[in-house]
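The values are calculated or read from the model by the stated rules, or taken from the named source; none is laboratory data. Not measured: the values here are computed from a predicted model. Note: ideal-geometry Cβ built from the backbone for every residue, glycine included; neighbour counts use all protein chains shown.
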Amino acid sequence: MYKSFAEIYDELMDKSLYYKWLDFTDRFAPLGSKKVLDLACGTGDFSFMLLKDGYKVMGLDLSEEMLSIASSKLPDNARNIIFIKHDMRDLNGIGKFDIITCFADSLNYLYHFDEVEKVLINAYKCLNFNGILLFDVMSLYQADVIYRNYYYNYSDQKNSLLWNSYPGKLSHSVIHDLTIFKYDEQVNAYQRYVEQQIERAYEMSQYIQGLKRAGFKQIKTFANFGLKEIDQKTRRWFFVAQKS
């Protein structure tokens, strides 16, 4: 996953979302928080924003392609930030943190909830006392209604993306078919890449019970980056879970 997609990931992402995730993180960060673990960090843009905001950051991702791009952005003699390849379902030996983030619906790429629960359990173990886990996920409305027959096209002078989404075999699952045309200056032509990604949404009750089984007792849920309450048409759910 993300082999060719990684190369144009930065251009496809809405940069304004990073500022909203940062504001969400700052508003719920425990007093004196310094160390952040950014799960599924991708190409590192949000990790760098956390760094500029004064945090010490570890960015973790399973994609070598994503991490290669993230590492290429590191300034000389970079301090207080590191990127590592690691599976977020197994965080043994990673260390302790004040904040753990997992945004951009990254948990939805785990196709069975027991895998999601492994992340929640490991996150709890990696948090310091009073530390918080912050994450967002695709809602059932997004998976079952918005993505039922979804089309998205993007193009600029160098890249084009054709995105088609439709239901998968399992309940609340979504298949994304991506066709990418990337301009290659060496041959003065566009190269075509085809990629498929699969996401799955879960019931709100599953997330709440999973967080409780992991050990979290203080759990809050929101819409709109923590600014509104969830309703039936909320597309993305936001969670704040504190270790106490």
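Results, tabulated for the structure shown:
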| read-out | value |
| --- | --- |
| Single match in Tyr202, Tyr141 (criterion: assigned to a loop (DSSP other than H, G, I, E, B) and either of a type in the set (Val, Ile, Thr) or surrounded by 15 or more Cβ atoms within 10 Å (Cβ to Cβ) (or both)) | Tyr202 |
| Which listed residue is of a type in the set (Lys, Arg), under 19 Å from Leu134 (Cβ atoms) and either at pLDDT below 95 or in a helix (DSSP H, G or I) (or both), from Lys212, Lys220 | Lys212 |
| Among (1) out of contact with any Pro (no Cβ under 7 Å at 6 or more places or on another chain); (2) surrounded by fewer than 16 Cβ atoms within 10 Å (Cβ to Cβ); (3) of a type outside the set (A, V, I, L, M, F, W, C), the one test that Tyr109 misses | (2) |
| Residues (surrounded by fewer than 23 Cβ atoms within 10 Å (Cβ to Cβ), in a loop (DSSP other than H, G, I, E, B) and either among the charged types (D, E, K, R) or in contact with a Phe, Trp or Tyr (Cβ under 8 Å, 6 or more places away or on another chain) (or both)) located in region 88-103 | Arg89, Asp90, Lys96 |
| Selection from region 107-138 of residues that are part of a strand (DSSP E or B) and more than 17 Å from the chain's Cα centre (by Cα) | Leu127, Asn128, Phe129, Asn130, Gly131 |
| Residue match in region 178-195 (condition: among the aliphatic types (A, V, I, L, M) and either assigned by TED's automatic domain parsing to the domain that holds Asp90 or modelled with pLDDT of 95 or more (or both)) | no |
| Flag if Ile208 is out of contact with any Leu (no Cβ under 8 Å at 6 or more places or on another chain), among the hydrophobic types (A, V, I, L, M, F, W, C) and assigned by TED's automatic domain parsing to the domain that holds Met13 | yes |
| Scan of region 175-196 for residues that are hydrophobic (A, V, I, L, M, F, W, C), without any contact (Cβ under 8 Å) to a residue 60 or more places away in the chain and under 20 Å from Tyr150 (Cβ atoms), ordered by number | Ile175, Phe181, Val194 |
| The lone exception for Gly54 - which of (1) among the small types (Gly, Ala, Ser); (2) over 18 Å from the mean Cα position of the chain (by Cα); (3) under 29 Å from Lys212 (Cα atoms) it fails | (3) |
| Selection from region 223-244 of residues that are assigned to a loop (DSSP other than H, G, I, E, B) and within 20 Å of Val174 (Cβ to Cβ) | Ile230, Gln232, Lys233, Thr234, Arg235 |
| Selection status of Met66, hydrophobic (A, V, I, L, M, F, W, C), in a helix (DSSP H, G or I) and surrounded by 22 or more Cβ atoms within 10 Å (Cβ to Cβ) | yes |
| Residue satisfying condition, being without any contact (Cβ under 8 Å) to a residue 60 or more places away in the chain and within 24 Å of Ile132 (Cβ to Cβ), within set Asp76, Asp38, Asp61 | Asp61 |
